[in-house]
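See below for the structure under consideration.
The values are calculated or read from the model by the stated rules, or taken from the named source; none is laboratory data. Given the structure is predicted, the values throughout are model-derived calculations rather than measurements. Don't worry about glycine lacking a Cβ; one is built from the backbone with ideal geometry, like all the others, and counts go over all protein chains shown.
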Amino acid sequence: VTSFVNRRDEIAQISRLLSGARLVTLTGVAGVGKTRLAMQVAARLGRTFPGGVWLVELAFLRDGDLLAHTLVYTLGIHDTGGDPLASLTEFLRERHLLLVLDNCEHLTQPCATLALALLRAAGQVRILTTSREVLRLAGEHVYQVPPLPTAEQDSPPAATAGHHAVELFAHRASAVVPTFTLTAENHAEVAEVCRRLEGIPLAIELAAVRLRVLSMAQLRTRLDDRFHLLRSGQRSRVPHQRTLRAAVDWSFDLCTPKERAMWGLVSVFAGGFDLAAVEAAVEEVHAAVGTGGSAVVDVLDGLVGKSILTTEQRDGRAWYGMLETLREYGRERLREAGDEPRVRRGHAERYLRLAEQAEREWFGPGQIGWFRRLDREHANLRAALECFHAAPDSEAGQDALRLAAALWFHWVFSGRVAEGRLWLGRALASAAGPTRARARAMVAHAFLAGVDGDLEAVTRLASGARDLAERLGDQLTVAQAITRQAAILNFRGDTAAVQALLTEALARFAALGEPDNPYAVFSLNMLIGVRVQEGDRAGSADIGRQSVAISQARGDTTMLSSTLIHLARAAWLAGELPEAAAHVREAVRLQRSMIAPTSLARGVEQLAWITAARDGPGEQELAALLLGAADRVWRRFGLIKLLHTPYYGPHHRECEAAIRAAIGDEAFEAAFQRGAGMDIEEIVSFVAGESSAPGGAGLAVVAGGNQPAVLSHRERQVAELVAEGLSNKQIAARLVISRRTVDSHVEKILTKLGFTSRVQVAAWFAANSGD
Ligand SMILES: Nc1ncnc2c1ncn2[C@@H]1O[C@H](COP(=O)(O)OP(=O)(O)OP(=O)(O)O)[C@@H](O)[C@H]1O
Ligand SMILES: [Mg+2]
């Protein structure tokens, strides 16, 4: 956001170091510019790493146990459970990239352990860390970041020109006073100020903004007085640290009482915050800054003006951040005032409320918005979980259960299953008493364990949750727990038992007035396959329609994608191959804005089976390629365990054997490898029918081959009415056109979208009506 001053030599030296060494640590005192410098090095080296440069922010991560999870998430590897370090090394093994771990000082031990493991396992990975303390690893190259050079005392004006500390001061000063320039008159004062501040960029920034209210001469005199005072009577701090501390103290003292209170208040946020989050802290804000409409924004603005807070735009709104040094300072002040526990707890409780609201609303029209929001707030959610976990009282234990459980869909859909299991496990282990919160957390944990392929845990948790919820009379949780018991049996292939459980669960949801509970939709989806296996194709299709209708009525796309995968399986089992393929394609298309790993893996796998069941030139090769692509997806998201369950295993093996028999092992392997070599984005667009597979002329035809749909205005109108469930005759009446014209529009829509049924048009419309 702000201009960067020189550091050319440092950048060159660090780049050179990184060309030889695999681990470089930029160290130095707080505020000296380690992070800024690392960013510059990263920007400069970006192109030399084919795998890119990845920045992992660690300043607000408190818990070393979550380090690997944080990397997994930052790198965009969905974590679906299991061992995050294993997914990480698997992902990095063949990549040539630079990882920047920023602000490691409070986690040097876990960072050292992780860095060592990654460097060993992934030969082409390089790591650049910034840390006030070094990691102490053999092979670590330490680079001490120096402060910005300042001019010697009494040096002539010309000599100050090249001094970067002076330059930084001038930059920041002209940002607050646009007319500010370095002149023959003021240069000596500026140089003196920078010398006093020992060239520490953060200290210089904090001082420069004072020019808003002080003249240069006043600034210098006050700083002199201040530092004189401080130098006498100082405790034993390292000189630079002492200087920075003095500069921050000074800034703090110059804040208004409201700004000081706000500084403390917002220092409990982790990873930034938005205005709404501060405004939600009504009581604390009132205590701190008083009431009044614009008060909060004004105080925040004041802190931005003093360089205490930074702002940027995220998803179209202001997002505030704070440099770690200043945040720590705020925390310290809060602690001294005895307010820290209360303010932290208030923060945690507000995030609990947010999570519970999200749980009620995510299955609805605001879905993508909720997913994004929780993603933005992830560090704050974690801070809340940490706060509840660390608090000794029993209420906090219950709140930890509630929060970890309310976030179940976030853990799963944002790809943080292992982290979710960790928090749920912790909360279940430490909270006392047979409470509803416990029963619900067990259901959530069962759900996550299922994604993780940990079927024993699902069995244990689901029946534990059911017993407890029955004892407590918590009927909704009983119904949800039953769906988890059904899920286990479904994986094991026990259709009759699954059918009985699901029927019971659905009856309970209906009786509770919650037929559109997400768990009810999961039940319907499972039932789609069960019915087909029992030979009831019509019943299966009917259940499918019900499920699609619920998602549509809710305005959801994520669940719809999953429903379509189940419909595809049912169609495939019934031998309706074109319909099965079309369902998969649509399910994957719905994932363009957000990937749901399990649905994607299942979809690609099923498309392979569907393709292998067709005869035609090139189909078997394509099926082998798709098996390879599916293998890639299963592994990439750590889901491969699922493929060995009776639900998928036998079909998978049959499919592979049939292809091998048809085209021979050699051709199979070649095609399989081509598929396994595709990356996830390629697989998505290939299966969605938007691109062709690598090296395969004609192969695209089979997976769809149609272009992204562009409907005319009229066709869109018709599609909307189809989505509403109107017949062609009704549509004709509504639009006052002939029935024949409607027929031909519908036909064109189906062709353009590559669909075979009206249900798909409806699903497509629900997913695309927002844009
Ligand atoms: N070369 C530079 N040009 C302009 N601004 C700089 C420069 N170096 C540092 N700064 C500014 O100084 C402040 C502190 O820098 P930075 O956050 O990089 O310090 P740090 O050493 O990483 O501190 P910490 O130890 O607290 O993480 C930031 O506002 C940054 O933008
Ligand atoms: Mg830093």
Under 6 Å by Cβ, and 6 or more places apart or on different chains, what pairs join a residue from region 25-48 that is under 16 Å from Asp9 (Cα atoms) and β-branched (Val, Ile, Thr) with one that is part of a loop (DSSP other than H, G, I, E, B) and within 13 Å of ligand 2 (Cβ to nearest atom)?
Val32/Val145; Val32/Ile200
Across region 52-88, which residue is farthest from ligand 1 (Cβ to nearest atom) among those that are over 23 Å from Ala38 (Cβ atoms) and of a type in the set (Ser, Thr, Tyr)?
Thr80
If you go through region 348-359 one residue at a time, do you hit one that is within 16 Å of ligand 1 (Cβ to nearest atom) and of a type in the set (Lys, Arg)?
no
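Select from region 309-356 the residues that are β-branched (Val, Ile, Thr) and within 16 Å of ligand 2 (Cβ to nearest atom) and write down the one among them that is farthest from Trp250 (Cα to Cα).
Ranking the qualifying residues of region 309-356, first place goes to Thr310.
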Which listed residue is in contact with a Leu (Cβ under 7 Å, 6 or more places away or on another chain) and within 30 Å of Gly420 (Cα to Cα), from Val268, Val343, Val297:
Val343
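Look through Leu506, Leu527 and report the one residue that is over 29 Å from Ile749 (Cα atoms), in contact with a Pro (Cβ under 9 Å, 6 or more places away or on another chain) and of a type in the set (A, V, I, L, M).
Just one listed residue meets the conditions, Leu506.
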Tally the residues that are charged (D, E, K, R), within 16 Å of ligand 2 (Cβ to nearest atom) and in contact with a helix residue (DSSP H, G or I) (Cβ under 8 Å, 6 or more places away or on another chain), restricting the search to region 18-47.
1
Among (1) buried (at least 17 other Cβ atoms within 10 Å of the Cβ); (2) among the hydrophobic types (A, V, I, L, M, F, W, C); (3) away from ligand 1 (no atom under 16 Å from the Cβ), Ala337 falls short only on (1)
Conditions first: (1) touching a helix residue (DSSP H, G or I) at 6+ places or on another chain (Cβ under 9 Å); (2) within 26 Å of Phe637 (Cβ to Cβ). Arg95 passes all but one, so which condition is the exception?
(1)
Failed item, numbered, when Ser394 is tested on (1) of a type in the set (Ser, Thr, Tyr); (2) modelled with pLDDT of 90 or more; (3) over 30 Å from Val443 (Cβ atoms)
(3)
Considering each residue of region 726-743, count those that are over 26 Å from Ala571 (Cα atoms) and in a helix (DSSP H, G or I), and give that number.
11
Can you tell which of Leu98, Leu67 is surrounded by 19 or more Cβ atoms within 10 Å (Cβ to Cβ), in contact with a strand residue (DSSP E or B) (Cβ under 7 Å, 6 or more places away or on another chain) and of a type in the set (A, V, I, L, M, F, W, C)?
Leu98
Among residues of region 40-86, those that are part of a helix (DSSP H, G or I) and not hydrophobic (A, V, I, L, M, F, W, C), counted
12
So which residues in region 609-620 are closer than 16 Å to Pro578 by Cβ and either under 33 Å from the mean Cα position of the chain (by Cα) or of a type outside the set (D, E, K, R) (or both)?
Trp609, Ile610, Thr611, Ala612, Ala613, Gly616
